[in-house]
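The next block holds one structure in the form of C-alpha cells; read it before the comments.
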Amino acid sequence: MAGALTLLGLEKKSLREQALSALRTAITSGELAPGRHLVETELSEMLQISRGTLREALRQLEQEGLLSAGPRGRLSVRHLDEKEIKDIFAVRAALESLAARTLCELPDRDRVIESLHQAIDAMDAARDASLEERIETDMEFHRSLCRLTGNETLLHSWTSLEGSIRMSIMFGGLEKGVTNMSVLRHRDIVTAIETGDAALARKTIREHMDSAADNLVA
C-alpha cells in the first residue's frame, strides 16, 4: 500500500509539473495574453488534468507572479506596465551587481568563470531551440550569477523575482525578447567579471539591465 501511495504521489507531481510547464510557456509566449481571465473547466479539459491538479499549478503560478487575483479570487494573466518593467530591471540590476562584485572578490574566480562560460555555451546551443528553452537558458545564466556567490539570501531574493522576470522578457514582443537574450551581451558580463574589476563588473551589469529595459519599453 505504501509503495502504491508513493507511485501515485509521483504521478500527481509529474502531472502538476507538466501543467506548470505548459502554462508558463503559454503565458510567456503570449498564447495566454496579459489580462486574460482563466477558466478552470476550460484549462483542465485542454490540459487533460483534474481541476485539483490544475488549482495546485495555478497557485504556484500566482506565487511566481505570473498570475494575479481579482475580485472573488478570480485569476488572470498578470499585466505589466512600463513602470513595473523598469522597476523589475532596476531590482535585478541591484541584485546582480552585488553578485558580480562578490564574484570578482572570490579567490577561486577561475571556477566561477568556467561555470559562467558553460552557461553561455548553453545559451548559444539553444539559439535554434524553442522559445521556452531559450528563456530558460537565459534565466539560468542570471540565476548562476547569484548562485555562484554562495550568498543564499541573494539567490533567494533573485529567485523570488523569477515569475516577474519571465513576464518581463516578452513584454515588448518576441523580437525584442530575443534581442535581450543575445549571447554577445551576456559574454560582456563574463568578461567584466573575469578581469576581477568589481567596479567594471557592476557597471556592465547596470548597463545590461538598463538597455534591456529600454529596449522592451521603447
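Residue-by-condition table, conditions (1) crowded, with 18+ Cβ neighbours inside 10 Å; (2) closer than 17 Å to Thr195 by Cβ:
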| site | (1), (2) |
| --- | --- |
| Arg101 | no, yes |
| Arg109 | no, yes |
| Arg127 | no, no |
| Ser130 | no, no |
| Thr137 | yes, no |
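What are the residues in region 186-217 that are open to solvent by 50 Å² or more (accessible area, probe 1.4 Å) and either modelled with pLDDT under 95 or aliphatic (A, V, I, L, M) (or both), if any?
Ala199, Leu200
Are there any pairs, at least 6 apart or on different chains, whose C-beta atoms fall under 6 Å, with the first in region 179-208 and among the polar types (S, T, N, Q) and the second in a helix (DSSP H, G or I) and surrounded by 20 or more Cβ atoms within 10 Å (Cβ to Cβ), and if so, which?
Asn180/Ala212; Thr204/Ile189; Thr204/Ala192
Among the acidic types (Asp, Glu), under 17 Å from Ala100 (Cβ atoms) and within 12 Å of the chain's Cα centre (by Cα): which single residue out of Glu140, Glu133 fits that description?
Working: Glu133 fails: under 17 Å from Ala100 (Cβ atoms).
Sole residue among the options that is among the acidic types (Asp, Glu), under 17 Å from Ala100 (Cβ atoms) and within 12 Å of the chain's Cα centre (by Cα): Glu140.
Can you tell me how many residues in region 33-78 are under 16 Å from the mean Cα position of the chain (by Cα) and either over 22 Å from Ser160 (Cβ atoms) or surrounded by fewer than 17 Cβ atoms within 10 Å (Cβ to Cβ) (or both)?
Looking only at that region, the number is 2.
Tell me which of these Ala69 doesn't satisfy, since it passes every other one: (1) in contact with an Asp or Glu (Cβ under 7 Å, 6 or more places away or on another chain); (2) at pLDDT 95 or above.
Evaluating Ala69 over (1) in contact with an Asp or Glu (Cβ under 7 Å, 6 or more places away or on another chain); (2) at pLDDT 95 or above leaves (2) as the failure.
Taking Gly172, is it surrounded by 21 or more Cβ atoms within 10 Å (Cβ to Cβ) and modelled with pLDDT under 95? Spell out how you get there, then give the answer.
Working: surrounded by 21 or more Cβ atoms within 10 Å (Cβ to Cβ): no; modelled with pLDDT under 95: yes.
Answer is no for this residue.
Do we find that Ile165 is modelled with pLDDT of 95 or more and either in contact with a strand residue (DSSP E or B) (Cβ under 9 Å, 6 or more places away or on another chain) or not charged (D, E, K, R) (or both) in this structure?
Details: modelled with pLDDT of 95 or more: no; either in contact with a strand residue (DSSP E or B) (Cβ under 9 Å, 6 or more places away or on another chain) or not charged (D, E, K, R) (or both): yes.
For Ile165, the condition - modelled with pLDDT of 95 or more and either in contact with a strand residue (DSSP E or B) (Cβ under 9 Å, 6 or more places away or on another chain) or not charged (D, E, K, R) (or both) - is not met.
Does region 154-171 include one or more residues that are over 16 Å from the mean Cα position of the chain (by Cα) and under 22 Å from Ala94 (Cβ atoms)? First the steps, then the outcome.
Of region 154-171, the ones over 16 Å from the mean Cα position of the chain (by Cα) are none.
No, region 154-171 has no match at all.
So Glu152 fits all but one of (1) open to solvent by 10 Å² or more (accessible area, probe 1.4 Å); (2) in contact (Cβ under 8 Å) with a residue 60 or more places away in the chain; (3) farther than 26 Å from Arg36 by Cα; what number is the exception?
(2)
Please enumerate the residues belonging to region 155-178 that are within 26 Å of Glu105 (Cβ to Cβ) and without any contact (Cβ under 8 Å) to a residue 24 or more places away in the chain.
Leu155, His156, Thr159, Ser160
The values are calculated or read from the model by the stated rules, or taken from the named source; none is laboratory data. Note that the structure is a prediction, hence the values are computed from the model and not measured. Methodologically, a virtual Cβ is constructed for each residue, glycine included, from the backbone with ideal geometry; neighbour enumeration extends over all protein chains shown. Accessible surface is based on the protein model in full, side chains and every heavy atom, while ligands, DNA and RNA are left aside. Shrake-Rupley method; radii C 1.70, N 1.55, O 1.52, S 1.80 Å.
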